[in-house]
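A.B. asks: Sharing a structure, written as structure tokens. Questions coming.
Just so it is clear, none of the values below were taken in a lab; they were calculated from the coordinates. In this text, all values refer to a predicted model and were calculated from it rather than measured experimentally. Quick reminder, even Gly has a Cβ in these numbers, built from the backbone with ideal geometry, and neighbours come from all protein chains shown.
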């Protein structure tokens, strides 16, 4: 029901209904005022005519009696002469037209003085008011019928008006960049909806072209980067097995190998993040969080200061559905930062059934910087990185619905936690 109330068709029909109700109300008020005013004028004219008629009859016959009908009642008051006693309320009135209630009955009163004689005519308004009330009921019924008719007509017209918009929305929702045969703008007239459809069609064509360029770029990058990196990695492995190299040269080769492996992992992660997931894509295989964390610790152990001890504890082996390379990027960033910035003390790494925790005793992060660590290219005080590691971690967590929480204060170390939802526990 809420969806109907917020639909464009409902809003247009409601507008028609409110407009019809407003017009009916204004028309009813106008007719009611006109009918009431006309009724008063007719009563006044009747009273004036009755007084004139009675005065003429009394001029011919002083003993003529005033009118006494269901609607009109007349009184004449002559000082010192008997006759029907005039109610005292009428004696107090000034000459002219008045509104008066006698014995619970409303009257329209006309008073005329001639010499020392007073002539009063009363018109019983009870029947007139009953007719006005009945007329008001007719007006109210007409206003209600007008409102319902307006709502019905508005609903029908809104359906006709909204139909092209609904069709356009259906086509846009159905359109996919890879559907080359679908043309959004086909079948629409050269009106505002047609212009909007052509704009959507233009955007869809531009999106198709952009996706084609992005796919070509991704494929080229995947080939052009991975191939030389693989060559570098192979050459490094051969050089690492060469016993003729001294210790200094072996350290340099090991450094090149680590950089090549990190570049391969980063390239793989970026390509995976750039790829759009499709419904028919096979499900990602489960990976062991403890295994990935252990590999990250071994890979970055060279960063550990001699005065720092590393503590790794896995209370269980949770399995999560994710690309192993992406989980490795997240774990590696959290662990690498702890190793790199802890000069002395300890780095504690623990894995339980829903969380990876990395705590260090490093310099910590100030309050003014803790809220910016996930921003792209942000580099805190003392940072030597490029500022993309934690921003990449944030993107990967958003992809899988994970949550990363970093708590820190200057001089008291940092604790980073990765919360995930395991699919199974070993």
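A.B. asks: Nearest 0.05, what FRET efficiency do residue 140 and residue 42 give at R0 = 25 Å with Cβ-Cβ as r?
C.D. replies: The pair residue 140/residue 42 has a calculated efficiency of 0.60.
A.B. asks: For the chain, take the longest principal axis of its alpha carbons; what is the angle in degrees between that and the long axis of helix 324-341, to the nearest 10 within 0 to 90?
C.D. replies: Taking Cα atoms only, the helix is inclined about 80 degrees.
A.B. asks: Considering the Cα trace of region 192-269, what is its radius of gyration and what is Dmax, both in angstroms?
C.D. replies: 22.7, 78
A.B. asks: If you consider only alpha-carbon coordinates, what radius of gyration and Dmax does region 101-182 have, in Å?
C.D. replies: Cα-based Rg and Dmax for region 101-182 come out at 32.0, 105 Å.
A.B. asks: Say we join alpha carbon atoms closer than 10 Å with springs in a Gaussian network model of the chain; which of 117, 133, 291 then has the biggest fluctuation?
C.D. replies: Answer for the Gaussian network model of the chain: 117.
A.B. asks: Next up: Averaged across orientations, what area in nm² does the convex hull of the alpha carbons in the chain project?
C.D. replies: Values: hull surface 171.0 nm².
Approximately 42.7 nm², given one-decimal rounding.
A.B. asks: Report the label-to-label distance for residue 355 and residue 10 in nanometres (one decimal), using points 7 Å from each Cα along the Cα→Cβ vector.
C.D. replies: With each label point 7 Å from Cα toward Cβ, the separation is 4.3 nm.
A.B. asks: Moving on. On C-alpha positions alone, give me the angle between the axis of helix 126-174 and the longest principal axis of the chain, in degrees, nearest 10.
C.D. replies: For helix 126-174, the angle is close to 20 degrees.
A.B. asks: Compute a Gaussian network model of the chain, connecting alpha carbons closer than 10 Å, and tell me which residue from 167, 186, 52 fluctuates the most.
C.D. replies: 52
A.B. asks: Also, I was wondering about something else. Taking only Cα atoms and a 10 Å spring cutoff, compute GNM fluctuations for the chain and point out the largest among 188, 33, 374.
C.D. replies: Top of the fluctuation ranking is 33.
A.B. asks: Still on this structure, please answer the following. Per q in 0.17, 0.21, 0.24 1/Å, what log10 I(q)/I(0) does a Debye calculation on the alpha-carbon atoms of region 47-146 return?
C.D. replies: Values returned for q = 0.17, 0.21, 0.24 Å⁻¹ are -0.77, -1.08, -1.32.
A.B. asks: Roughly what angle does helix 389-400 make with the longest principal axis of the chain, taking Cα atoms, 0 to 90 degrees, to the nearest 10?
C.D. replies: 60 degrees
A.B. asks: Once you sort the root eigenvalues of the Cα gyration tensor of region 142-262 as a ≥ b ≥ c, which label holds: rounded (a/c under 1.5), prolate (a/b larger than b/c) or oblate (the other case)?
C.D. replies: In terms of gyration-tensor shape, prolate.
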